[in-house]
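Peer 1: I have a structure here, written as structure tokens, and I will follow up with some questions on it.
The values are calculated or read from the model by the stated rules, or taken from the named source; none is laboratory data. Since this is a predicted model, take the numbers as computed values, not measurements. When we count neighbours, we look across all protein chains shown, and the Cβ atoms used for this are built from the backbone with ideal geometry, even at glycine. Remember, those area values only see protein heavy atoms, side chains included, never the ligands or the DNA or RNA. Shrake-Rupley method; radii C 1.70, N 1.55, O 1.52, S 1.80 Å.
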Amino acid sequence: MKASKIEVENAINDYKKQKPQLTELLDFFYSVFNLKEQYIRQTSLILSSKEDIIQELKSGRYLMESITWSIDKNSFENIFKDLIKILKQRGENTDKFEKLFLNISDLIPTKFPELMDFVIKDKEDITQSEKDTLSYVLWHTLSVFYKKTAEIFNGIDYKTYWTKAICPLCGNLPKMSRLNREDGKRILACFLCWTEWLVPRISCAYCGNNSQDTLEYFYANGNKVYRVDICKVCNKYIKTIDEKLLGRNVNLEIEDNITYHLDTLAISKGYKNPFL
């Protein structure tokens, strides 16, 4: 379920008290989150009825699979530029990106990998660091449109109709997972629209492998609340939070930002981040 702005703000303030060393990071996250929420309220999308949508789920197709939709270039460009301003305030070098849309056509790809390729095409002077920054901005810009779609369909019980590893709304990959506080069941969250859905607890979030012999996890500094699930078949990892051990429910979009050290640790061990 989508967290309200107040719930997100309260969670961020709680973390600032618990982990003051993350204050700057949390303030940056909230700036990005707040900007995206403003644009989500302004964005208009018209999609199918909920009845038609449920039939899509029952047939094994994610909701947007059979929907033809497009992204308005002007809206996309405005969000992109406002995100660039936030990065620039943090001292990031964004000079190469500020005029990025001058020669871009009106057709904005709606899938993230295609969008990234589309934007950096024929731009050989972009360094890896700049590419990472651009990827971050494009991800958050595109996320506005996907989160708006998720907001339209808020209230659909995906758990009843969906157990695949891809998002039941938009078909994208999961970014994080949590073990539900009430029953310990495993819930994934999409990296673009942050829709949550239920999957088998013993399974890889990316390749579907369910062999206990090739599925493992590890902790950082002995903290069993936060763990990294790894798959020896596809060599990918996903961060997981145990809400029972934590004693409260979490917002995975916030948790993804404050657990960046787990990404660093997993990559240092040789596991793949599906988004790099």
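Peer 1: So if R0 is 30 Å, what FRET efficiency would Phe218 and Lys131 give, r being the distance between their Cβ atoms, rounded to the nearest 0.05? Please list the in-between numbers first.
Peer 2: Details: r = 29 Å, r/R0 = 0.97.
It comes to 0.55.
Peer 1: In deg cm²/dmol, rounded to 500, what helix-only [θ] at 222 nm does the chain give when every DSSP H run of at least 4 residues adds -39500 (n - 2.57) and the total is split over its residues? Don't jump to the answer; show the numbers that get you there.
Peer 2: Values: 10 runs with 118 residues, N = 276.
That calculation yields -13000 deg cm²/dmol at 222 nm.
Peer 1: On to the next question. Helix hunt in the chain: which complete DSSP H runs extend at least 27 Å axially by C-alpha with mean Kyte-Doolittle at least -0.5? Provide the component values of the computation, followed by the final result.
Peer 2: Values: long enough: 23-42 (29 Å, -0.25); 128-152 (36 Å, -0.32).
TM-like helix candidates: 23-42, 128-152.
Peer 1: How far is the Cα center of segment 175-216 from the Cα center of segment 223-276, in Å?
Peer 2: Segment 175-216 and segment 223-276 have Cα centres spaced 11 Å from each other.
Peer 1: According to a simple spin-label model (label point 7 Å from Cα along Cα-to-Cβ), what is the distance in nm between Gln89 and Arg181?
Peer 2: In this crude label model, Arg181 to Gln89 measures out at 3.1 nm.
Peer 1: Order the peptides 20-28, 34-42 from the highest to the lowest mean number of other Cβ atoms within 10 Å of their residues.
Peer 2: Details: 20-28: 13.2, 34-42: 15.6.
Highest to lowest by the protection proxy: 34-42, 20-28.
Peer 1: Oh, and also: Can you tell me the accessible area per residue over the chain, all protein chains present, probe 1.4 angstrom, in square angstrom? Numbers along the way, then the final one.
Peer 2: On the way: 14170 Å² over 276 residues.
That works out to 51 Å² per residue.
Peer 1: Distance check, please: which entries in Lys111/Lys232; Lys17/Lys88; Lys16/Lys159; Lys111/Lys244; Lys111/Lys272; Lys16/Lys73 exceed 29 angstrom between their Cα atoms?
Peer 2: Lys16/Lys159; Lys111/Lys244; Lys16/Lys73
Peer 1: Of the listed values (i) 31, 21, 17; (ii) 62, 30, 14; (iii) 28, 24, 20, identify the label whose number matches semi-axes √(5λ) of the Cα gyration tensor in Å calculated from this model.
Peer 2: Given (i) 31, 21, 17; (ii) 62, 30, 14; (iii) 28, 24, 20, the structure-derived one carries the label (iii).
Peer 1: What does the C-alpha gyration tensor say about the overall shape of segment 177-276? Classify as rounded when a/c is under 1.5, otherwise prolate if a/b is larger than b/c, or oblate.
Peer 2: Numbers: a/c = 1.33, a/b = 1.19, b/c = 1.12.
It is rounded, given that a/c, with a ≥ b ≥ c, falls under 1.5.
Peer 1: Distance in nm between label sites at Gln18 and Asn273, each 7 Å beyond Cα in the beta-carbon direction?
Peer 2: Distance between the two pseudo-spin positions: 2.2 nm.
Peer 1: Using 0.36 nm per residue of separation minus the Cα-Cα distance, give me the extension gain between Asp157 and Ser59 in nm, one decimal.
Peer 2: Additional length available on full extension: 33.8 nm.
Peer 1: What's the extension gain from Asp72 to Glu114 if we count 0.36 nm per residue and subtract their Cα-Cα distance? Walk me through the numbers before you get to the answer.
Peer 2: Details: separation 42, 0.36 × 42 = 15.12 nm, distance 1.63 nm.
Difference between extended and current length: 13.5 nm.
Peer 1: I've got another one for you. For Cys207, what is the net charge nearby, where nearby means another residue's Cβ is under 14 Å from its Cβ and Lys, Arg count +1, Asp, Glu -1? Please report the intermediate quantities before stating the final value.
Peer 2: Values: positive: Lys164, Lys232, Lys236, Lys272; negative: Asp229.
Once positives and negatives cancel, what remains is +3.
Peer 1: Which percent of the accessible heavy-atom area of the chain goes to carbon and sulfur, probe 1.4 angstrom?
Peer 2: It is 47 percent, rounded to a whole number.
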